[in-house]
């Protein structure tokens, strides 16, 4: 694939940045499944990202588990954690769910610091960057890039499959009209919790990968702004859109850097302006807007010209 | 449609960003006319108050450049914002090392942020000089030969207080207030280590706080009620003011040890009340720029003149601007010492061979010294007591290097 | 016993701070159905404006009133200019715009005023009032008093004035309100203006305690959310009471519950939010929302 070929032309630093993009994309897809497709707003996915990252870090640091095993484990742990959190969250809607998840995100750094023995407290845990396995002639950056890309493709394919199928329709139905879905026989409670769990699992895997690629975890990396950035990512990328996750990931990785290049004095002001302008121009996110535009273009092509002129208001 | 859109997006992104790998020069970051110095600082986010250090450094380098540079080369100072977030620090530092190809990474700020790049800098063999944190781990030339701290570390300061307490206040009952992160914990460890076995008996209560807490009044109340007659105050300026004021307001008058980070007369003692601050004890290594005793001191006047010309936006009562000035001077000294060999290997070698460097804003008697086994440039501090008007130095110059 | 009372008193003082910002949050939510994440930054920015006026030599109460006026107009304009274009967009889009505003205000404040903390004067005397062994901060009492005054003012405004009535109508039923001739768009703008005004009061009462710097409100915003959740997002009075409760509980738990101590104080506040949300989402004083099928 093109991305793989490009791997050989990009510098290690760029590969590192794009690996971050892949990782964010996985996290964003997780959040999007919950918020975009299922309508449950979460401002707390940074918490699951942190849990995934720390699961990996602790397993490597305390028990010398090879990092390969830590990634699915992190996913599993978050699946359970997300599901458990999803249960009481079933009753919460909109604002209240947002607040609950917000509280979760805020509590995480303090809790991480408290369990110092496991988490290394505010000092964090330092890991080593893994070398490419099986003697492949790749730099660590290239290997991690490949690994993240591979996991991304697999998880995206899984998600696409899920969302296109029966489960996907149930999930979306719950978002659009919970009562109707319930009366049609969808087990709303179960689906909502499972979706929470699945969404958390995705974000947890992303967190695990980030721990491996950055080779360091500390409570400061998982503050509330992380969760808010994820929300920004899915809204800008496009809610309820799988490709939106990648677009959003590109945004949250690169736009802050561009903002810094534009203005050294007040870079975040520029970032804020970017956010607002994007939302004005594309209220449904990049993917959403593209979809609308594509739809309109296709419709115009399908209609014969005279009829189109007449039917247009 | 999905798969295509997905791939198309990736392709576009890569197309935009693909850059050929730059060849690594023999002396990276150095040309006949310039030396590239890299830095990350928190210009935004929770620690943004420290961002002024990064700016002060830039202002000092500008002065040096205006006066001809270092051995004919100007300093090209490249600094990025990391928002005090370790992953961002990693990214920005990799950019500095791999893309911008700096000769040296200088004064990166923060303990977790520096921890994140500690291994990387040593793997890449790039000088990681004079990091802006007081943690102890930067003085480890055996395992991390490319990383060096600068300021007296927090544990040393804690131990200085402990020594004083053991000698002069034998029936001490100590209450500790510290910030719940490695800065606070390091200071705490220093004191406890210095007290040794006596710690268990002497420490009656410990309280912590988070940077996000609005007030620490509750903690002060608890400390007073624990019967402590010594208050070990490990707080940043914002909370130090509250602590001093609240203790005074509720009538608690312990022997009050204030950590060096918050010893500024202008930003802490004045807002807290000069009267309420009487009797405070701290350890100093810099000349306190808001202290009237240095009003006519040559070093101070030079600093003020520099601030007015090169950093007019900077506050004249913010000790951080004196700190930035001092570290920048230290780096310039090292780079000058390199002569014409500005390879990364020589830069770190020269940094580890500083002999008795005294700088105008350091307290008289304090000298910077480093060697291949001593990566702690400043190890001397002096106790001072506040008399309502200024910090009066007393006792002898404590030298951790001699220990 | 003394410790207990003193901790409660301290808790009420901090709680007053939380409550005042919570009030602003609830106000905007009631008027516009949007949780404005930028509320704290708007309050912070207003306080910086007050600081500028004070530095220019204006006496305190003049600067105070002037700031309120500027904040009101500012809030109104922000709604019309920034939020109006996305009024009909999905709620998350509006949230992102608010976040954008937050980031811009924070960054601009840092750029214009630098990130160094500045002392901010209090109109109340700084010597504490002593009753037996308990010390009451004069400023804390004064600030709480002002918050309650604002609360009273709002109550009177919404209950007894035509404009207040129109605003309540616009928030509850925009369609019918339009039919009655109420300019719903402008009602939203006034809502934002009022919330900005309340926020400015909160900022000016808080700054003497925590010092003025661009990140002043970020820690408090979290507690303000906790307070508003506890009290109920549909009840302004509840928000203030919620703040007081959060302040007191936080202090008592930190003092008396050993294994939590002060290291998990914030976590306690958050656990409180979670418990309240699960048990009674609309808060202690709020009214549950009834959805039409």
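The values are calculated or read from the model by the stated rules, or taken from the named source; none is laboratory data. Since the structure is predicted, the reported quantities are computational estimates derived from the model, not experimental observations. So basically every Cβ, Gly included, is an ideal-geometry build from the backbone, and we count neighbours across all protein chains shown.
Restricting the search to segment A:95-130, which residues are at pLDDT below 80 and away from chain B (no Cβ under 12 Å)?
A:95 - this is the single residue of segment A:95-130 that is at pLDDT below 80 and away from chain B (no Cβ under 12 Å).
Going by the conditions given, is residue A:214 away from chain C (no Cβ under 14 Å) and over 25 Å from residue C:93 (Cβ atoms)?
Values: away from chain C (no Cβ under 14 Å): yes; over 25 Å from residue C:93 (Cβ atoms): yes.
Taking the combined requirement at face value, the residue satisfies it.
Filter segment C:113-147 for residues that are within 11 Å of chain B (Cβ to nearest Cβ), surrounded by 14 or more Cβ atoms within 10 Å (Cβ to Cβ) and in contact with a strand residue (DSSP E or B) (Cβ under 9 Å, 6 or more places away or on another chain) and give the result.
Answer for segment C:113-147, where residues must be within 11 Å of chain B (Cβ to nearest Cβ), surrounded by 14 or more Cβ atoms within 10 Å (Cβ to Cβ) and in contact with a strand residue (DSSP E or B) (Cβ under 9 Å, 6 or more places away or on another chain): C:113, C:117, C:118, C:119, C:120, C:128, C:135, C:136, C:137, C:138.
Among (1) over 19 Å from residue B:37 (Cα atoms); (2) within 13 Å of chain A (Cβ to nearest Cβ); (3) part of a strand (DSSP E or B), which single condition is residue B:176 missing?
(2)
Is there a residue in segment B:112-126 that is within 24 Å of residue B:349 (Cβ to Cβ), touching a residue at least 60 places away in the same chain (Cβ under 8 Å) and assigned by TED's automatic domain parsing to the domain that holds residue B:303? Steps first, please.
First, pick out the residues of segment B:112-126 that are within 24 Å of residue B:349 (Cβ to Cβ): B:114, B:117-126.
Adding the requirement that they be touching a residue at least 60 places away in the same chain (Cβ under 8 Å) leaves B:125-126.
Right, trim to assigned by TED's automatic domain parsing to the domain that holds residue B:303 and you get B:125-126.
Scanning segment B:112-126, I find at least one residue that is within 24 Å of residue B:349 (Cβ to Cβ), touching a residue at least 60 places away in the same chain (Cβ under 8 Å) and assigned by TED's automatic domain parsing to the domain that holds residue B:303, so the answer is yes.
Does segment B:370-393 contain at least one residue that is without any contact (Cβ under 8 Å) to a residue 40 or more places away in the chain and in a loop (DSSP other than H, G, I, E, B)?
Kept after step one, since they are without any contact (Cβ under 8 Å) to a residue 40 or more places away in the chain, are these residues of segment B:370-393: B:371, B:392.
Narrowing further to those that are in a loop (DSSP other than H, G, I, E, B): none.
No, segment B:370-393 contains no residue that is without any contact (Cβ under 8 Å) to a residue 40 or more places away in the chain and in a loop (DSSP other than H, G, I, E, B).
Specify the residue that is modelled with the highest pLDDT; the eligible residues are those in segment A:2-40 that are within 7 Å of another protein chain (Cβ to nearest Cβ) and part of a loop (DSSP other than H, G, I, E, B).
The extreme case among them is A:11.
Go through segment C:260-284 and count every residue that is at pLDDT 75 or above, more than 9 Å from chain A (Cβ to nearest Cβ) and either more than 20 Å from the chain's Cα centre (by Cα) or part of a helix (DSSP H, G or I) (or both).
Total satisfying the criteria: 5.
Could you tell me whether residue B:162 is in contact with a strand residue (DSSP E or B) (Cβ under 7 Å, 6 or more places away or on another chain), in the same structural domain as residue B:231 (by TED's automatic domain parsing) and either assigned to a helix (DSSP H, G or I) or farther than 30 Å from residue B:343 by Cα (or both)? I'd like the intermediate steps shown before the answer.
Details: in contact with a strand residue (DSSP E or B) (Cβ under 7 Å, 6 or more places away or on another chain): no; in the same structural domain as residue B:231 (by TED's automatic domain parsing): yes; either assigned to a helix (DSSP H, G or I) or farther than 30 Å from residue B:343 by Cα (or both): yes.
The answer is no for residue B:162.
Is it true that some residue in segment C:52-61 is over 19 Å from residue C:147 (Cβ atoms), modelled with pLDDT of 90 or more and crowded, with 22+ Cβ neighbours inside 10 Å?
No - not one qualifying residue is present in segment C:52-61.
Mind listing just one residue for me: the one in segment C:220-259 that is free of Cβ contacts under 8 Å to residues at least 24 places away in the same chain and not in a helix (DSSP H, G or I) and, of those, nearest to residue C:25 (Cα to Cα)? It would help to see each step written out before you state the result.
So the first thing to find is which residues in segment C:220-259 are free of Cβ contacts under 8 Å to residues at least 24 places away in the same chain, and the list is C:253-254, C:256-259.
Filter once more, so that each one left must be not in a helix (DSSP H, G or I): C:257-259.
Values: C:257: 31, C:258: 33, C:259: 33 Å.
The extreme case among them is C:257.
Checking residue B:153 against (1) more than 13 Å from every other protein chain (Cβ to nearest Cβ); (2) more than 26 Å from residue B:34 (Cα to Cα); (3) free of Cβ contacts under 8 Å to residues at least 60 places away in the same chain, which single condition isn't satisfied?
The single condition residue B:153 does not satisfy is (3).
Among the listed residues A:144, A:155, A:162, A:112, which satisfies the condition of being closer than 19 Å to residue A:75 by Cα and surrounded by fewer than 19 Cβ atoms within 10 Å (Cβ to Cβ)?
Answer to the selection: A:162.
Residue-by-condition table, conditions (1) surrounded by 22 or more Cβ atoms within 10 Å (Cβ to Cβ); (2) within 11 Å of chain C (Cβ to nearest Cβ):
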| position | (1), (2) |
| --- | --- |
| B:199 | no, no |
| B:212 | no, yes |
| B:217 | yes, yes |
| B:223 | yes, yes |
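If a residue has to be facing chain C (nearest Cβ under 9 Å) and assigned to a helix (DSSP H, G or I) to count, how many in segment B:40-61 make the cut?
Result for segment B:40-61: 5.
Residue A:57 - would you say it is more than 10 Å from chain B (Cβ to nearest Cβ), touching a strand residue (DSSP E or B) at 6+ places or on another chain (Cβ under 6 Å), under 23 Å from residue A:216 (Cα atoms) and surrounded by 18 or more Cβ atoms within 10 Å (Cβ to Cβ)? It would help to see each step written out before you state the result.
Details: more than 10 Å from chain B (Cβ to nearest Cβ): yes; touching a strand residue (DSSP E or B) at 6+ places or on another chain (Cβ under 6 Å): yes; under 23 Å from residue A:216 (Cα atoms): yes; surrounded by 18 or more Cβ atoms within 10 Å (Cβ to Cβ): yes.
So residue A:57 passes the test.
Is it fair to say residue C:257 is surrounded by fewer than 22 Cβ atoms within 10 Å (Cβ to Cβ), out of contact with any helix residue (DSSP H, G or I) (no Cβ under 7 Å at 6 or more places or on another chain) and within 13 Å of chain B (Cβ to nearest Cβ)?
Criteria met by residue C:257.
Looking only at segment A:165-199, count every residue that is closer than 21 Å to residue A:30 by Cβ and either crowded, with 17+ Cβ neighbours inside 10 Å or touching a residue at least 24 places away in the same chain (Cβ under 8 Å) (or both) and tell me the total. Before you say what the answer is, go through the steps one by one.
Just the residues of segment A:165-199 that are closer than 21 Å to residue A:30 by Cβ, to begin with: A:165-176, A:188-199.
Still in the running and either crowded, with 17+ Cβ neighbours inside 10 Å or touching a residue at least 24 places away in the same chain (Cβ under 8 Å) (or both): A:167-168, A:170-176, A:188-189, A:191-199.
Matching residues across segment A:165-199 total 20.
Within segment B:87-143, which residues are under 20 Å from the mean Cα position of the chain (by Cα), more than 10 Å from chain A (Cβ to nearest Cβ), surrounded by fewer than 23 Cβ atoms within 10 Å (Cβ to Cβ) and not in a loop (DSSP other than H, G, I, E, B)?
Correct list: B:109, B:121, B:136.
Scan segment B:293-311 residue by residue and report those that are under 21 Å from residue C:115 (Cα atoms) and over 22 Å from the mean Cα position of the chain (by Cα).
The answer is B:308, B:309.
Of B:228, B:243, B:247, which residue is more than 7 Å from every other protein chain (Cβ to nearest Cβ), surrounded by 21 or more Cβ atoms within 10 Å (Cβ to Cβ) and assigned to a loop (DSSP other than H, G, I, E, B)?
Values: B:243 fails: assigned to a loop (DSSP other than H, G, I, E, B); B:247 fails: assigned to a loop (DSSP other than H, G, I, E, B).
Criteria check complete, one pass: B:228.
Could you give me the residue pairs with C-beta distances under 6 Å whose first residue belongs to segment B:215-234 and is farther than 11 Å from residue B:246 by Cα, whose second residue is in a helix (DSSP H, G or I) wherever it lies, and which are 6+ apart or on separate chains?
What qualifies is B:222/C:255; B:225/C:3; B:232/B:191; B:233/B:243; B:234/B:184; B:234/B:187.
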